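The values are calculated or read from the model by the stated rules, or taken from the named source; none is laboratory data. The structure presented is a predicted model; accordingly, all values stated were derived computationally and were not measured. In this analysis, Cβ positions are derived from the backbone assuming ideal geometry, glycine residues included, and neighbour counts consider all displayed protein chains.
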Amino acid sequence: MINRTIAPEFKQIEEISLIQASPRLLDNGIKLYVVDAGEQELVRIEFIFRNVNWDLLRPLQAYATNALLIEGTSRLSSFHISDSIDSYGAFVQPEYSFDYSSFTLYTLSKHLDAVLPIIKEILTDAVFPQEELGTLIRNQKQKLLVSLEKNDVVTRRVFNHSLFGNSIYGHVVEAEDYDRIDRQQLLDYYKKAYQPNNCTVIASGKVDDNTVSKINTYFGSDWKADDDFTVNSFHFAETEGGIFYTEKPDSLQSAIRLGQISVSRTHPDFPALQFLNTVLGGYFGSRLMANIREEKGYTYGIGSAQVSLLNAGYFLIASEVGADVCSSTMTEIEKEINLLRTELIPNDELELVRNYMLGSFLGSLENAFSHAEKFKSIFLSGLDYDYYTRYIQVIKKVSSEDLLNLAKRYWHFDRFNKVITGKK
Amino acid sequence: MVKFDRFTLDNGLTVLVHEDPTTPMAVVNILYDVGARDENPSQTGFAHLFEHLMFGGSINISSYDEPLQRVGGENNAFTSNDITNYYVTLPAVNLETAFWLESDRMLSLAFSDKSLEVQRNVVCEEFKQRYLNQPYGDVMLKLRPLAYARHPYSWPTIGKELSHIEDAKIEDVKGFFKKHYSPVNAIMVVGGAVKTSEVERLAKKWFGDIPSGDKYNRDLPVEPIQVEPRRLVHYADVPVDAIYIAFHVPAKNDQGYYEADLIGDLLSRGNSSRLYNSLIKDRKLFTDINASLTGSSDPGLMIIDGRPSEGVSIDEAEAAIWDVLGQLSDEPVPEAELNKVKNKIESTMVFAEMSLLDKAMNLAYFEVLGDADALNKETDRYLEVTAEDIQNRAQSIFRKENSSTLLYLSNS
């Protein structure tokens, strides 16, 4: 009989190998990065544009431009564009985030020749038809009405504004903002933002020389470059701490979000802060989950994150908890923060998190797309692959003393902004 | 093409192995052949609550998560109306840890009262977070019992009501484990940087001496054929009216399922699809509209859900949906349009092969349906559907007497 009480031997992860993106240059100077890996005959091509010219009077210009890219070119109607792309079994995905707007194509390699010309038209000759803009505004205004009924959405809006004010990170979108979008605004923004001098391309999957040369054929020429834009740049002060409460008397649960301005990925402390964050609320066995879900049963889930943006980093804790245990949850969160500020993390827990994070990093390198994501994280922060070498070193070496010092320096519960929507 | 080896232990545990040397990771996926459909109608939500309890310690190992995280692994699980599925990803060098943990909880749980008490609370909070404290969150709690008069698909996996979860007893937990959690009722798939011979050795070592248990014989009430349209009007504090129409469609193993799935794609996959293009873009009657299939092992549902634009009456909105559905019954779908949705299926299948975990889960699910190799034949089952099949299927699905309509209307 085997003795089931004894765990099998295990090994710490020694070797983690990243497939590095190889840099190329298109004829017009666009930077193309290639992750060529995988067995399947498919490719993902991502066109990334920085968000520029932030204007509080036109807060949705970058979003709406991105969303309407596929809604018509001077030659193709909205239906024609989507019908052609769909016909080749390809997928396109416009995506807008705080710092970047991107446009991604997923296709089987065999259809590249048919699909790339359409993508070229979308990125160089979109016309933003008035009728399609009207549909977008109508749909989004109604979606906004619905999402404002969700406590977690309201909480996120209030929290972001409390940290980031009227910047692109903090602006609270209202229905009137949609009414302020006009077609000319989008055409102007498109001309400034969607052009070679503001574009990076990342291709992953089966990307051989032939594919690279196709990308160059379509995007390496005939695309007017321009320097007439201002990259968004913000500075944020650390928060003083405050409570932001929105009462919803009928709520069964309250959504909570707490945190403050912190450092971004470029700061030397960032990897160790990610470690500290993992201990607190970054994995299923974290202290917040162990205490507030697994010990007390107050919530379905609670987590924390150390987030990196181009112009800021921030730290947050978020959950949705039973309305009757909201204040108890806040008390427990404060306890957990203070514990990390006053007591060393026991060695056993330290080693567990170390191994967990290394395994999790290894597991995040599943396929060509995930290697491309890894490149994106560093490239978009202005870092190179040395970052990961250092990250892995920190995860392997960081000590409980280091983490105690970080918690003391970065985490002050009284200086967190605390947002609650529901009942206190 | 997802290749695999298969063997069965003496106690009846089926094991599939998918060798994938392109990754340093391994996946261990265990499917138990039990879902919400197997619950007692007065104790609904139990299969899902039980899934939570599977993490509360087993007979010889007090914590499931901690030792797994210690070797760099992660895990999760889900419960559907049909199955309960547990999965672990970990560095392949530490594969044996997953066997140790999974075999011990298949052998027996610790059945701790504390774990039951806490997880009852956690699941109640999940119920609130996902179903009760969200606008339209309780739609499936209303639509399922409208569409199913007898079959246990009439409740969602979370259960009919909070009290069923609050009332769960430790004796019920023990009984459920004995009935469903045993080698003959499980399928294990191991994938990634593994070798079949090594998996076989580990499987025998850790799972070989677990008593086989009794095969659970599913004998569920068959849903009678619906003969009249059903309708429910519900008022709630939501900002916008919404409409849901559910139609009975064939079970996953039936060729008719693939026809229905393609019909769903014709209706609402991508911006060139019929519902999107006709009702949002052209006629501007809706701001959002979708068609989806529950994709279940027993005959399932196709659900059309939409939110009418401001100022559009619910009657006009409903009639407009039927216009679009009627076209599929009245006229054969043009060849090019049918090829479009088939091409989309084909590329989706190729993209899906990039994820090791997805491959392992799919192998397990098709194995419980009868044969894991059916995963590799799925594309062909879609490709063989003709325009005539689509029209015939549409005629059989889109009949008023096959529909259950929920009008979810705003109080304001």
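Scanning region A:53-90 for residues that are surrounded by fewer than 19 Cβ atoms within 10 Å (Cβ to Cβ), away from every other protein chain (no Cβ under 14 Å) and out of contact with any Asp or Glu (no Cβ under 7 Å at 6 or more places or on another chain) turns up A:Asn53, A:Asp55, A:Leu56, A:Leu57, A:Arg58.
What do you reckon, is A:Glu366 outside any helix (DSSP H, G or I), within 11 Å of another protein chain (Cβ to nearest Cβ) and either within 30 Å of A:Leu42 (Cα to Cα) or without any contact (Cβ under 8 Å) to a residue 24 or more places away in the chain (or both)?
Numbers: outside any helix (DSSP H, G or I): yes; within 11 Å of another protein chain (Cβ to nearest Cβ): yes; either within 30 Å of A:Leu42 (Cα to Cα) or without any contact (Cβ under 8 Å) to a residue 24 or more places away in the chain (or both): yes.
Yes: the conditions hold for A:Glu366.
Consider B:Asp288 carefully, then state whether it is surrounded by fewer than 22 Cβ atoms within 10 Å (Cβ to Cβ), of a type in the set (Asp, Glu), within 24 Å of A:Lys143 (Cβ to Cβ) and modelled with pLDDT of 95 or more. Yes. Take the residues in region B:341-353 that are at the interface with chain A (Cβ under 7 Å from one of its Cβ atoms), surrounded by fewer than 20 Cβ atoms within 10 Å (Cβ to Cβ) and touching a helix residue (DSSP H, G or I) at 6+ places or on another chain (Cβ under 7 Å), then tell me which one is farthest from A:Ser87 (Cα to Cα). So the residue we want is B:Glu353. Taking the condition more than 10 Å from chain B (Cβ to nearest Cβ), touching a residue at least 12 places away in the same chain (Cβ under 8 Å) and farther than 17 Å from A:Arg409 by Cα, does A:Ile256 pass? When the stated conditions are applied, A:Ile256 passes them. Within region B:2-19, being of a type in the set (S, T, N, Q) and in a strand (DSSP E or B) holds for B:Thr8, B:Thr14. If we keep just the residues of region B:40-63 that are more than 10 Å from every other protein chain (Cβ to nearest Cβ) and outside any helix (DSSP H, G or I), which is farthest from the chain's Cα centre (by Cα)? By that ranking, first place goes to B:Gly57. Out of B:Leu146, B:Leu220, B:Leu162, one residue alone is touching a strand residue (DSSP E or B) at 6+ places or on another chain (Cβ under 8 Å) and farther than 30 Å from A:Asn3 by Cα. It is B:Leu146.
Every condition in (1) within 14 Å of another protein chain (Cβ to nearest Cβ); (2) hydrophobic (A, V, I, L, M, F, W, C); (3) touching a strand residue (DSSP E or B) at 6+ places or on another chain (Cβ under 7 Å); (4) touching a residue at least 24 places away in the same chain (Cβ under 8 Å) holds for B:Ala291 except the one numbered (1). The residues in region A:36-46 that are surrounded by 21 or more Cβ atoms within 10 Å (Cβ to Cβ) and away from every other protein chain (no Cβ under 13 Å) can be counted, and the count is 2.
Within region B:149-173, the residues that satisfy the criterion of being part of a helix (DSSP H, G or I) and within 22 Å of the chain's Cα centre (by Cα) are B:Pro152, B:Tyr153, B:Ser154, B:Leu162, B:His164, B:Ile165. Taken as a whole, the condition of being modelled with pLDDT of 95 or more and either over 19 Å from A:Tyr100 (Cα atoms) or more than 27 Å from the chain's Cα centre (by Cα) (or both) applies to A:Leu163.
Under the condition of being outside any helix (DSSP H, G or I) and within 7 Å of another protein chain (Cβ to nearest Cβ), the residues counted in region B:66-112 number 7.
Between B:Leu146, B:Leu141, the distinction of being surrounded by fewer than 20 Cβ atoms within 10 Å (Cβ to Cβ), under 30 Å from B:Pro229 (Cβ atoms) and under 17 Å from the mean Cα position of the chain (by Cα) belongs to B:Leu141 only.
So which of B:Tyr235, B:Tyr257, B:Tyr244 is closer than 22 Å to B:Leu146 by Cβ and touching a Pro at 6+ places or on another chain (Cβ under 9 Å)?
Of the residues listed, the single one that is closer than 22 Å to B:Leu146 by Cβ and touching a Pro at 6+ places or on another chain (Cβ under 9 Å) is B:Tyr257.
Scanning region A:163-172 turns up one or more residues that are over 21 Å from A:Val127 (Cα atoms), in a helix (DSSP H, G or I) and in contact with a strand residue (DSSP E or B) (Cβ under 9 Å, 6 or more places away or on another chain). Scanning region B:304-340 for residues that are closer than 26 Å to A:Lys141 by Cα and within 12 Å of chain A (Cβ to nearest Cβ), we see that the one that is surrounded by the fewest Cβ atoms within 10 Å (Cβ to Cβ) is B:Gly311.
Residues that are more than 8 Å from chain A (Cβ to nearest Cβ), assigned to a helix (DSSP H, G or I) and free of Cβ contacts under 8 Å to residues at least 60 places away in the same chain within region B:131-143 comprise B:Tyr131, B:Met140, B:Leu141, listed in sequence order.
Residues of region B:269-288 that are part of a loop (DSSP other than H, G, I, E, B) and either at the interface with chain A (Cβ under 9 Å from one of its Cβ atoms) or not aliphatic (A, V, I, L, M) (or both): B:Arg269, B:Gly270, B:Asn271, B:Ser272, B:Ser273, B:Arg283, B:Lys284.
Checked against (1) touching a Pro at 6+ places or on another chain (Cβ under 6 Å); (2) farther than 26 Å from B:Leu266 by Cβ, A:Gly72 meets all criteria but (2). Does A:Tyr387 count as over 30 Å from A:Phe49 (Cβ atoms), in a helix (DSSP H, G or I) and among the aromatic types (Phe, Trp, Tyr)? Against the criterion (over 30 Å from A:Phe49 (Cβ atoms), in a helix (DSSP H, G or I) and among the aromatic types (Phe, Trp, Tyr)), A:Tyr387 does not qualify. Here A:Ile345 passes the criteria (1) outside any helix (DSSP H, G or I); (2) surrounded by fewer than 19 Cβ atoms within 10 Å (Cβ to Cβ) except the one numbered (2). Of the listed requirements (1) without any contact (Cβ under 8 Å) to a residue 40 or more places away in the chain; (2) surrounded by 20 or more Cβ atoms within 10 Å (Cβ to Cβ), A:Thr331 misses just one: (2).
If you go through region A:118-140 and keep only what is within 9 Å of chain B (Cβ to nearest Cβ), in contact with a Ser or Thr (Cβ under 7 Å, 6 or more places away or on another chain) and in contact (Cβ under 8 Å) with a residue 12 or more places away in the chain, you end up with just A:Glu132.
Look at A:Asp27 and say whether it is more than 8 Å from chain B (Cβ to nearest Cβ), acidic (Asp, Glu) and under 27 Å from the mean Cα position of the chain (by Cα).
For A:Asp27, the condition - more than 8 Å from chain B (Cβ to nearest Cβ), acidic (Asp, Glu) and under 27 Å from the mean Cα position of the chain (by Cα) - is not met.
Taking the stated definitions as given, is A:Thr299 of a type in the set (S, T, N, Q), more than 8 Å from every other protein chain (Cβ to nearest Cβ), crowded, with 19+ Cβ neighbours inside 10 Å and farther than 30 Å from A:Phe234 by Cβ? The answer is no for A:Thr299.
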